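Please read the structure below before turning to the comments.
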Amino acid sequence: MLLSAAVAAGCGSTVDTAATTGTTTAKARPHPTRTVAKAGLRIGVVGPLRVSVAGAVSEPGTLAQSAGDALVVVSAASNDLAAVVAEADAHPTSHYALIGASSSTSRRPNVAGLVLDDKQALLLGGVVAGLVAADQGGRDARVAWVGPQERRLAGAFARGTHTILPGATVLRAWSRDNPASCKEAALGAVGRGAVVVMAHGGTCAQAALAGAHEQNRVGLQLSDFEFPDVAADAVARDAVAGMYHGGEDLLFGASSGAIGIRRLDPRIAPDLALRARTAAQELASGRRPSSSD
């Protein structure tokens with residue numbers, strides 16, 4: 001079951017299921033300003049994540065080092081679901097939250113998948129690409145999605161681009177999932193006139209962006225529009241309040257603060273960056289991102 005993670009003002013849980021739909025709506029919540037106490041609930045942190053929640057003590061380490069902690073938040077960039085499930089089976093009294101991936105293929109009562117809404121992130125990436133394309137290439141500008149065939153994600157990127165620039169051409173520069181192929185595809189897309197290159201992630205995206213930058217073109221990747229720490233903080237707050245999640249996925253979108261502008265290519269002009277951040281705010285408030293200045 002895929003739930004939409006929410007931060008409900010005035011209640012103990014950050015995940016509040018709506019009675020009418022069976023899901024929740026995510027609401028942004030400011031981060032605590034108090035220093036985390038030295039004594040509190042131990043939360044293991046595995047991978048490139050930060051947890052800053054009052055009443056919790058975060059302990060960075062490996063999966064093995066976090067064994068026995070009440071809650072362990074794990075970045076999907078550092079460990080896959082199989083590794084997390086193995087630890088969860090070995091330590092049934094601990095709860096595990098895999099940040100950035102689904103747990104649907106291996107459900108466990110003490111494992112939750114915290115899914116970041118990649119379609120919203122790539123819609124926003126497409127909006128940024130559309131802004132750059134309109135500025136640099138006019139109404140018939142070209143941008144490109146580079147990498148393995150991920151039609152769903154490439155489609156979300158294209159929709160974002162066309163929200164800003166309906167006449168833009170979105171090239172699908174498919175490649176094998178290895179750095180050499182991804183860079184070659186990016187260079188080929190630039191050679192065909194793309195002023196922006198967008199890729200999914202990992203070493204493929206790094207290589208694709210390197211190729212774009214060699215030609216002084218803007219490069220974007222999915223993680224530029226994701227805030228995984230927001231999801232980690234949400235489950236940590238719930239754990240401090242005595243609520244743990246397992247056997248389900250929680251979906252974090254723009255309205256939770258987990259999708260937005262995390263970083264932008266420095267080649268993007270400041271005025272365009274400001275418009276991109278405005279579009280992110282519109283998306284977070286449930287509105288369609290616009291191209292207005």
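Out of ARG107, ARG172, ARG192, I need the residue that is in contact with an Asp or Glu (Cβ under 9 Å, 6 or more places away or on another chain) and either more than 30 Å from GLU282 (Cα to Cα) or of a type in the set (D, E, K, R) (or both). Which one? Reasoning before the result, please.
Working: ARG172 fails: in contact with an Asp or Glu (Cβ under 9 Å, 6 or more places away or on another chain); ARG192 fails: in contact with an Asp or Glu (Cβ under 9 Å, 6 or more places away or on another chain).
Within the list ARG107, ARG172, ARG192, the selection yields ARG107.
Looking at the structure I just gave you, is SER94 under 22 Å from GLY253 (Cα atoms) and either without any contact (Cβ under 8 Å) to a residue 60 or more places away in the chain or not aliphatic (A, V, I, L, M) (or both)?
Values: under 22 Å from GLY253 (Cα atoms): no; either without any contact (Cβ under 8 Å) to a residue 60 or more places away in the chain or not aliphatic (A, V, I, L, M) (or both): yes.
No; evaluated as a whole, the condition is false for this residue.
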Margin query: Against the condition in a helix (DSSP H, G or I) and farther than 22 Å from LEU283 by Cα, how does ALA86 come out, does it pass?
Written below: yes
Check: Does ASP229 satisfy the condition of being open to solvent by 30 Å² or more (accessible area, probe 1.4 Å) and outside any loop (DSSP other than H, G, I, E, B)?
Finding: yes
Checklist line | Residues being surrounded by 16 or more Cβ atoms within 10 Å (Cβ to Cβ), in a loop (DSSP other than H, G, I, E, B) and among the acidic types (Asp, Glu) - total across region 142-192 | finding: 1
Notebook entry, point to check: Just one of the numbered conditions (1) of a type outside the set (S, T, N, Q); (2) touching a Lys or Arg at 6+ places or on another chain (Cβ under 7 Å); (3) outside any helix (DSSP H, G or I) is not true of PRO92; which one?
Noted result: (2)
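Which one of these is part of a loop (DSSP other than H, G, I, E, B) and either touching a Lys or Arg at 6+ places or on another chain (Cβ under 7 Å) or acidic (Asp, Glu) (or both): GLY246, GLY242, GLY286, GLY211? Walk me through it before giving the result.
Details: GLY242 fails: either touching a Lys or Arg at 6+ places or on another chain (Cβ under 7 Å) or acidic (Asp, Glu) (or both); GLY286 fails: either touching a Lys or Arg at 6+ places or on another chain (Cβ under 7 Å) or acidic (Asp, Glu) (or both); GLY211 fails: part of a loop (DSSP other than H, G, I, E, B).
Answer to the selection: GLY246.
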Check: When you scan region 238-285, how many residues do you find that are among the polar types (S, T, N, Q) and surrounded by fewer than 20 Cβ atoms within 10 Å (Cβ to Cβ)?
Finding: 3
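For ALA77, indicate whether it is open to solvent by 60 Å² or more (accessible area, probe 1.4 Å) and under 30 Å from LEU272 (Cβ atoms). Explain how you work it out, then say what you get.
Values: open to solvent by 60 Å² or more (accessible area, probe 1.4 Å): yes; under 30 Å from LEU272 (Cβ atoms): yes.
When the stated conditions are applied, ALA77 passes them.
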Notebook entry, point to check: Does any residue in region 260-283 that is under 23 Å from GLU214 (Cα atoms) come within less than 8 Å, Cβ to Cβ, of a residue that is part of a helix (DSSP H, G or I) and open to solvent by 90 Å² or more (accessible area, probe 1.4 Å) six or more places away or on a different chain, and which pairs are these?
Noted result: ALA269/ASP135; LEU272/ASP135
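Somewhere in region 118-131, is a residue surrounded by fewer than 23 Cβ atoms within 10 Å (Cβ to Cβ) and either at pLDDT 95 or above or part of a strand (DSSP E or B) (or both)?
Yes, region 118-131 has at least one match.
The values are calculated or read from the model by the stated rules, or taken from the named source; none is laboratory data. What you are looking at is a predicted structure, and each value in this text was computed from that prediction instead of being measured. Here the Cβ is made from the backbone with ideal geometry for all residues, glycine too, and neighbour counts use every protein chain on show. What goes into the accessible areas is simple: the full protein's heavy atoms, side chains included, and nothing from ligands, DNA or RNA. Shrake-Rupley method; radii C 1.70, N 1.55, O 1.52, S 1.80 Å.
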